[in-house]
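The values are calculated or read from the model by the stated rules, or taken from the named source; none is laboratory data. No experiment lies behind these values; they were computed from the predicted model shown. Using ideal geometry, Cβ is built from the backbone for each residue, glycine included, and neighbour counts are taken over all protein chains shown. With ligands, DNA and RNA removed, areas are computed over all heavy atoms of the protein, side chains included. Shrake-Rupley method; radii C 1.70, N 1.55, O 1.52, S 1.80 Å.
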Amino acid sequence: MITLISGTNRPESNSIAIVNMYAALLQKHGVPYQILDLAALPADFIVSALYDNTGKNEQFNQLAGMIADSDKFVFVVPEYNSSYPGVLKAFIDGLSYPNTFKNKKGALIGLSSGMQGSGLALSHLSDVLNYLGMHIMAMRLKLAHIEKNFDGTQLTNKLYNELLEQHVEEFLNF
């Protein structure tokens, strides 16, 4: 099972829209997937589901269970202040340690308003996932100037569409 993760809790984000595009491409290949949208996290999860409260928040536990049941992950991550969203880090920190991501495979897609396409954010996330034992696919798709190349449901940049399809193909073979 492949889990597609929208790496922000912002409602109706560009990240979830890209996740949905990725899902449609996986569907064309007949590959099973599930979508984990961090917008579904309980608002109080940092106090109701972490540390002394581990296992006590059913809504968080359901999302964490999606991670435990998967072997492959695609993280679609917006750039926030030259890194990835803190909510994604807090979610990862709340997962069972040390084996949640150990020896599993991951792929990264970054979205950015700037020209760097979230390269630094993906680097930071790679460091964390590598530390946790995840194997990260070499191709990291960086979608720069997202507001100019995305209409809210579809990528309007032909090259970005081709790269997204290439990313799916490479991930299926990874």
Going through the range 4-56 one residue at a time, which ones are of a type in the set (S, T, N, Q), within 14 Å of residue 92 (Cα to Cα) and modelled with pLDDT of 95 or more? 6, 8, 9
Pull up the range 135-174, narrow it to residues that are surrounded by fewer than 16 Cβ atoms within 10 Å (Cβ to Cβ) and β-branched (Val, Ile, Thr), then point me to the one that is farthest from residue 31 (Cα to Cα). 156
Quick one: residue 125 ticks every box in (1) in a helix (DSSP H, G or I); (2) open to solvent by 10 Å² or more (accessible area, probe 1.4 Å); (3) of a type in the set (A, V, I, L, M) except a single one, so which number is it? (2)
Where residues in the range 104-118 are assigned to a loop (DSSP other than H, G, I, E, B) and open to solvent by less than 10 Å² (accessible area, probe 1.4 Å), which of them is modelled with the highest pLDDT? 112
Cβ-Cβ below 9 Å, separation at least six or inter-chain, first residue in the range 74-103 and over 30 Å from residue 169 (Cβ atoms) and in contact (Cβ under 8 Å) with a residue 60 or more places away in the chain, second small (Gly, Ala, Ser) and surrounded by fewer than 16 Cβ atoms within 10 Å (Cβ to Cβ): which pairs? none
For residue 13, state whether it is farther than 18 Å from residue 136 by Cβ, open to solvent by less than 70 Å² (accessible area, probe 1.4 Å) and in contact with an Asp or Glu (Cβ under 6 Å, 6 or more places away or on another chain). no
Go through the range 93-103 and count every residue that is buried (at least 18 other Cβ atoms within 10 Å of the Cβ) and either within 14 Å of the chain's Cα centre (by Cα) or among the acidic types (Asp, Glu) (or both). 1
Please name all residue pairs, on different chains or six or more residues apart, with Cβ atoms under 7 Å, provided the first residue is in the range 59-72 and is touching a residue at least 60 places away in the same chain (Cβ under 8 Å) and within 19 Å of residue 46 (Cβ to Cβ) and the second residue is in a helix (DSSP H, G or I) and among the acidic types (Asp, Glu). none
Flagged in the range 132-168 as part of a helix (DSSP H, G or I), of a type outside the set (A, V, I, L, M, F, W, C) and within 17 Å of the chain's Cα centre (by Cα), in numbering order, are 165, 167
If residue 84 satisfies every condition in (1) of a type outside the set (Gly, Ala, Ser); (2) open to solvent by less than 10 Å² (accessible area, probe 1.4 Å); (3) touching a Leu at 6+ places or on another chain (Cβ under 7 Å); (4) at pLDDT 95 or above but one, which is the exception? (2)
